[in-house]
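Working notes, beginning with the structure itself.
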Amino acid sequence: MSRVSRRDLFRGVVPAAVGVLGLPSLAHAVQASSSPYRRPTLKITDVRTAEVQAHGYQLHVRIHTDQGLVGHGEGTDAVRGGVPLVRQFAQFLVGQDPLNVDFLFERIRTAGIFAGAQAGQYVAALSAIEIALWDLAGKALGLPVYQLLGGKMRDRIRIYCDSQTEDPDDPQAAAKLQQIRDMGFTAVKIDIDEAADPMRWDRMNWTASNAEIDHMMRKIAFVRQAFDKRVDLAVDMHGRYDMTTGKRVAKEAEPFKLLFLEEPVPAENVNAMRDIRESTSTPICCGENLFLRHGFREVLEKRAADIIMPDLQKCGGLLEGRKIADMAHTHYVPVAPHCVVSPIGTMASCHMCAAVPNFLVLEWHWIQRLELWRSFVREGEIIEKGFVTLTDRPGLGVEMDEVAARKAQVPNTPWFEAAGGTRQ
Ligand code: MG
C-alpha cells in the first residue's frame with residue numbers, strides 16, 4: 001500500500017475521510033500516515049533456558065518472538081532449580097507484547113505473592129526474564145538498553161576486580177596481584193572471612209578471636225600496600241560474623257580508609273547493620289542478598305548502610321535495580337552492584353549503572369576464569385583498563401558464543417531447547 005503524505009491528507013483525503021471514519025479514527029489515520037516511525041508489533045512465542053556453572057551457578061533465559069527476534073537474560077545464585085519456575089512464568093509471557101516489560105514483570109511478580117515472590121529463587125528467575133525482555137525491547141526498537149532506562153549519564157562503567165587473592169603466605173599472591181595491577185583496575189576487593197582460620201576455636205560460632213582479627217588486618221595491609229593509594233580497596237566479610245566482631249573489624253580497619261566493608265554481619269537484621277555503621281568511620285555496604293525495592297527500604301530508611309549493593313541478576317533485574325538506585329539516591333546513598341555473572345549479565349548491569357546518577361562501581365568476579373570470560377560473548381573482552389565502555393548496539397549489545405559458553409554448561413541440562421526438545 002502506498003504511503004499517504006501529510007500534504008495529501010490535508011488536500012483531499014482528510015475531507016473525504018472525515019465522513020467515513022469519524023474524528024478519533026481520523027486522528028489515528030493522520031498519526032499513522034504522517035509518522036515515519038512504526039511501533040514494532042511482536043508476540044512472545046517461547047521461553048527457553050540453559051544452565052551454566054562458572055563463578056557460581058547461572059540461569060540463562062532466551063525469549064523468542066514471532067518475528068525471529070530473541071532476547072537473552074541471565075540470573076544467578078538463587079536460580080538453581082529455577083527452570084521449572086521459568087516454565088511456569090512462560091504462561092504469562094507467550095502471546096504477549098514483549099515491549100511492555102514492566103507490565104509483564106509486575107504480572108509475574110504479583111501472580112506469585114503466595115508462592116515466594118517476595119525474594120529468593122522466584123525473584124532471581126524473574127530477574128533473568130526481565131533482563132531478556134529488555135534485550136528484546138532494545139533489539140526491537142533499535143536502541144541500547146540504557147536508552148530505554150532513561151539514557152546514559154556516563155559512557156563507561158567503572159569495574160572493581162574481586163581479586164580472590166589476599167593471603168600474604170600464598171606464594172602465588174604477588175604474581176596474582178601484579179596481574180590485577182597490569183589489568184589497570186582502579187578498585188579491588190578482597191575477602192577476609194576465613195572458616196578455616198587455625199585460630200578459630202569453634203566451627204559454628206563466628207565471634208572472631210584476637211588472632212583471627214590480626215589475620216584479617218594482615219590481609220588488608222598486604223593487599224593495600226600492593227596497590228597505588230589511588231586504587232580503592234573494598235573488603236568482604238560475607239555476612240558471617242556477630243556484632244562484636246563486626247564492630248571490632250570495622251574500627252581496626254579505619255586507618256586503611258576502605259572503599260567499603262561489606263556485610264560484617266548478616267544483612268537481614270537491619271538494626272545490627274545500622275549499629276555497626278554508627279560505630280565506625282569505615283563505610284558499610286550491604287545488599288547482595290536483598291530482593292526488590294522492598295528489601296532495601298528498611299536499610300535505607302534506618303540508615304544502615306553507606307553504600308548498597310543490589311545484585312541485578314537476582315534482585316529483580318534492570319528496571320527494579322534502577323528503582324532501588326533511585327530510592328537510595330533520595331538518601332544520598334550510592335550503589336555498587338554485586339555482580340558475579342558472565343559478560344552478558346555484566347553488560348546488562350552496565351546499562352543500568354549508566355542510567356543512574358549514584359552509581360559508584362560494579363563488581364567483576366571472573367579473574368580465575370579469564371579464558372571463559374574472554375570467549376563467552378562474540379564481542380570478546382568487554383573490560384578495558386578496569387572499565388566497560390557502552391556501545392550503541394541495540395539491546396544489551398553482546399551475544400553469547402555458544403561453543404565457548406557450553407564449556408561451562410551444567411551437565412545433563414537442556415541448552416535452549418524448545419518444550420518439544422528441539423532448537424530452532
Ligand atoms: Mg559479598
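Here are the numbers for this structure:
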item	result
Mean ellipticity per residue at 222 nm, deg cm²/dmol - from DSSP H runs of n ≥ 4 across the chain, formula -39500 (n - 2.57)	-11500 deg cm²/dmol
Residue exposure sequence - Glu263, Glu212 - by fewest surrounding Cβ within 10 Å	Glu212, Glu263
Residue order, fewest to most beta carbons within 10 Å, for Ile129, Ile284	Ile284, Ile129
Amide H partners (placed H, <5 Å) of Leu259, local residues excluded	Leu233, Ala234
Contact order relative to length of the chain, as percent, for alpha carbon pairs under 8 angstrom and 6 or more apart	19
Under 13 Å from Lys176, Cα to Cα: aspartates and glutamates that are on another chain or at least 8 residues apart	Asp162, Glu166, Asp167
Cβ-derived FRET efficiency at R0 45 Å, Gln179 paired with Glu417, nearest 0.05	0.70
Spin-label model distance (nm) - Asp66 vs Leu370, 7 Å beyond Cα toward Cβ	4.9
Hydrodynamic radius (Kirkwood) for the chain, which is based on Cα pairs only, to one decimal in Å	23.2
Convex hull per residue volume in Å³, alpha carbons only, for region 204-286	83
Loop-resident sites, region 267-344, for GluC sites (Glu not before Pro), counting at most 13 other Cβ within 10 Å (DSSP)	Glu268
Percentage relative contact order, region 332-424, counting C-alpha pairs under 8 Å, at least six apart	27
Spin-label model distance (nm) - Asp169 vs Ile113, 7 Å beyond Cα toward Cβ	5.4
Sorted by Cβ neighbour density within 10 Å, fewest at the top, the residues Thr346, Thr110	Thr110, Thr346
Of the DSSP H helices in the chain, those whose Cα atoms cover at least 27 Å axially and whose Kyte score averages 0.5 or more	120-141
Global form of region 52-132, assessed from the alpha-carbon gyration tensor, a/c cut-off 1.5	oblate
Alpha-carbon Rg with Dmax, taken over region 294-413, Å	15.6, 48
Under-5 Å amide H pairs with Arg240, H placed in peptide plane, nonlocal only	none
Dimensionless Rg ratio for region 148-396, taking C-alpha atoms and the 2.2 N^0.38 Å reference	0.99
Separation in nanometres of the label points that stand 7 Å from Cα toward Cβ, at Thr41 and Ser279	6.4
Rounded to whole Hz, the Karplus (6.51, -1.76, 1.60) HN-Hα couplings of region 42-49, x for glycine and proline	10, 10, 6, 10, 6, 10, 10, 9
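Values in this text are rule-based calculations from the coordinates and carry no lab data. Worth saying up front: this structure is predicted, and the values here are computed from it rather than measured. Note that we place each Cβ from the backbone using ideal geometry, even for glycine, and neighbour counts take in every protein chain shown.
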